[in-house]
Structure formats: structure tokens, C-alpha cells
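These notes are about the structure you will find just below.
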Amino acid sequence: MNVPWVSFAPMQKEIKDQVIKKFEQMYEASTYIQGEEYRKFNEKFAKYCGAKYCVGVGNGLDALMLILKAYGIGEGDEVIVPSNTFIATALAATYVGAKPVFVEPILEEYNIDPARIEEKITSRTKAIIAVHLYGQCCDMDSINTIAKKYNLKVIEDAAQAHGALYKGKKAGSLGDAAGFSMYPGKNLGALGDGGAVTTDDKDLAIKIAALSCYGSDYKYHHIYKGNNSRLDEIQCGFLNIKLDCLDKWNKERNRIAQRYLNEIKNPKIKLPVVNKNNYHIWHVFAVRCDERDALEKYLNDRGIGTNKHYPTPMHLQGAYADLNIPKGALPLAEEISSTELSIPMYYGMTDEEIEYVIGTINRF
């Protein structure tokens, strides 16, 4: 049996007729940038997240970068980021001229450890980016308490957390602002690239809308040195359809995850831990194994797709060699990079596929 690491086919088949009809409507309307679908998406996604405002932008990296830029964070400033996230989180700080400062995670949950944040705060620290990695929210009460103590902004990197809950509140409403990615593989993915910012701060939302459109508050009137980062009208149309399905799709991912958690019994496999305060939406089902590479080959040889999130930590990437952080300085990030393996997790997996993955892992 072949089980891919991810497949969009069941999800896309379910909404195919709606997507094609929506495309035909938009094609006939000949509005491709910031039209009615864009306005509708901003309104719908803000409401879905429990935020007052949403601004659709070009991608998830731009969403984070524009938030930092709108807050005036830049040269000489520092931004706290997790040590084990995707590089886009750190790049957002770099792109505005700030320095990313890495903080280690809670190993079993993968998210940034609030107990380690304060020791990294300096007079130059301006914000904490809390990444809800793999689909589980961070300990936001602790992070917000630290931020308030030091007068820092809290920015959620919710790129992998569409619909995730912390104490009953959705990701995107848990800090000062949140950046989302709508990359096709996300739980709420476009059919191309896309991103969004959510916030309760009206002034911030207005500024980000301007910054994302050449710094313009209206056509040919430029009040900032802005960027070109707009969520395409056509992607908004598709996302408006998908958003109506998101909770159902996330519920099914939870069903699959519960089977993995209950039925994978191999002592070599370290399963993820779900914090009691969270509703995890399982963008990724990440296990750890000291024999990760052997496990990967074993599964791949038996037709089971896998991925690694992420095989080289940021501080050991050439892109951040200038920070001069030696190997061994961030041991938890390095341990995750060398032991983490993501196993199949997607809407539409059959019970036979789930059982095959579980049985194969248990026989490793």
C-alpha cells in the first residue's frame, strides 16, 4: 500500500464544483485585485478567528514582516523567536533590520518555552513572535504576561494553526496581531500563495493595508515606503469556499491524530503531547525517534510518505551564519532537527491507510 505524506485530492474533489463555479464568476467579473471576494474574505476570516480586523496579504512571511514594520520595529531592535521554527519567522525580523533572538522550546510540545524567554530579553527587545508550531497554540497567558512586564508586542505566527484553540479562543486572537500563511499545504490553503494578518488594533490594520499596497492609503497617494503584498482576488474566492469547510476538515485530522496517539505503541517512537488548554489542529503529526533516518527509510521503503520539520535548525543554516551561534548552543532545536519525522496527516485518509501507517510503525 502507498500512503503519501500529504494529498490534496480528497479535499479538492469535495469542493471542485464550487471552486470551478467561483472561478467562472470571477473570470467574468474581471476583478483580480482587492475586489468583493477580498473584502468578503477579510470579513469572514476576522470573524472566524475572533478578531476585529483581517488584512489579506501576499504570503505568511510578508504577514509577519508587515506587522513588525507597522509597529516600527527595525534596525538595532531584537525580536524573540523560537529556535526550532521554519526560517520565515526569523526572516521577518531580518527583513525589517531587526535581529532574531532564538529561544528554545518545550521539547514534548515543540512550542517556545515561556520559562526561557525572560533571560533573552534585553533593552533592545521589542516583540515576541509566538509560533503555534504544527497546529498547537503556545502558552499564550504566560507569554502575554511576560510581554506586558517588559512592554513588548506579542505577534502570533499562526501559519500552521488555522482553527487551533487556546482556552477556547482561536489562534489569531491571542496576541497583539497574528500572521497567517495560506500556502496550499496549510489547513486553510489557497490554490497558490497567500497570507493574512489579524488584529483588534484598527490603526495597525489600516497601516498594514497601506504598507501592503506600496504604502498607499488611496491610489497614487503614498504615505509610507511600502511593499507590494496583496492577496489575489482569485485566491480569496477559493479561500472563502474553503473556510466554510475548515472546521470539518480539522475535526477529521483530529480523529486521525487520536488514532495515532492511542494506537502507536512502539517504545522507539516519541509521540507529541497535547497541552490540556489546547485544541490541536494537526497541521503536522510530528513524532521523534533516535533512529529517525532508519525509520524514515523503513517507512518510505514500505510506501509511506514522510517529511522532516526541519532537518537543519536556523542557527546552523548558512543564512544565519552571521549570528555566530555554534553547534550545541541550542541543543533542543538540534535534537528536534535530528529526531523529528512527520508521518501522513491529511483530510481524506482512509481507515485502511491509517491502520497501515500505525501497524508499520509498530513493527519498526
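Observations on the model:
- Cα-Cα over 19 Å, subset of 153/202; 169/270; 52/169: 169/270
- Net dipole in debye of the chain [+1 Lys, Arg Cβ; -1 Asp, Glu Cβ; about Cα centre; nearest 20]: 480
- Cα centroid separation - the range 195-218 against the range 319-364, whole Å: 35
- Distribution of pairwise C-alpha distances over the range 87-149, 10 Å bins, in %: 20, 54, 26, 1
- Pairwise inverse Cα distances across the chain, averaged and inverted, put the Kirkwood hydrodynamic radius at 21.0 Å.
- Accessible area in square angstrom per residue, the range 89-146, 1.4 angstrom probe: 33
- Share of Cα-Cα pairs in the range 255-364 lying beyond 21 Å, as whole percent: 42
- GNM result for the chain, Cα springs below 10 Å: residue of 239, 261, 211 fluctuating most strongly: 261
- Percentage relative contact order, the range 27-154, counting C-alpha pairs under 8 Å, at least six apart: 19
- In the range 72-121, GluC sites (Glu not before Pro) in a DSSP loop with at most 15 other beta-carbon atoms within 10 Å: 75, 108
- Accessible area of the range 177-256 divided out per residue, in Å², using a probe of 1.4 angstrom: 42
- Label-point separation in nm, residue 30 to residue 273, each point 7 Å along Cα→Cβ: 6.0
- For a modelled paramagnetic label at residue 224, 7 Å from Cα along Cα-to-Cβ, the residues of the range 64-88 in reach, with backbone nitrogen under 15 Å, are 64-75.
- Site pair residue 20 and residue 258 shows an inter-label distance of 3.5 nm when each label is modelled 7 Å from Cα along Cα→Cβ.
- Per residue, the chain reaches -11500 deg cm²/dmol at 222 nm when only DSSP H runs of four or more residues are counted, each adding -39500 (n - 2.57).
- Filtered GluC sites (Glu not before Pro), the range 242-306: DSSP coil and at most 14 other beta carbons within 10 Å: 291
- Normalised by the number of residues in the chain, the average gap of Cα pairs under 8 Å and 6 or more apart makes the relative contact order 23 percent.
- Along the chain, longest interval not containing exposed trypsin sites (Lys or Arg not before Pro), exposed being DSSP loop plus at most 11 other Cβ atoms within 10 Å: 1-218
- Cα shape, the range 136-221, gyration tensor, a/c 1.5 rule: oblate
- Fluctuation leader among 188, 246, 66 - the chain, Gaussian network, Cα springs under 10 angstrom: 246
- Considering only beta bridges that DSSP places wholly inside the chain, some 60 percent are antiparallel.
- Neighbourhood net charge (12 Å Cβ-Cβ; Lys/Arg +1, Asp/Glu -1) for residue 295: +2
- Surface composition of the chain: carbon and sulfur make up 50 percent of the accessible area, probe 1.4 Å.
- Using alpha carbons only, the radius of gyration of the range 226-304 set against its Kirkwood radius gives Rg/Rh = 1.13.
- For the pair the range 5-19 and the range 152-188, the centres of their Cα atoms are 23 angstrom apart.
- Per-residue SASA remark: residue 309, around 20 Å² accessible (1.4 Å probe; ligands, DNA and RNA not included).
The values are calculated or read from the model by the stated rules, or taken from the named source; none is laboratory data. Everything numeric here is computed off the predicted structure, so don't read it as measured data. Every residue, glycine among them, receives a Cβ derived from its backbone with ideal geometry; neighbour counts consider all protein chains shown. Note: accessible area is taken over every heavy atom of the protein model, side chains too, but ligands, DNA and RNA are not part of it. Shrake-Rupley method; radii C 1.70, N 1.55, O 1.52, S 1.80 Å.
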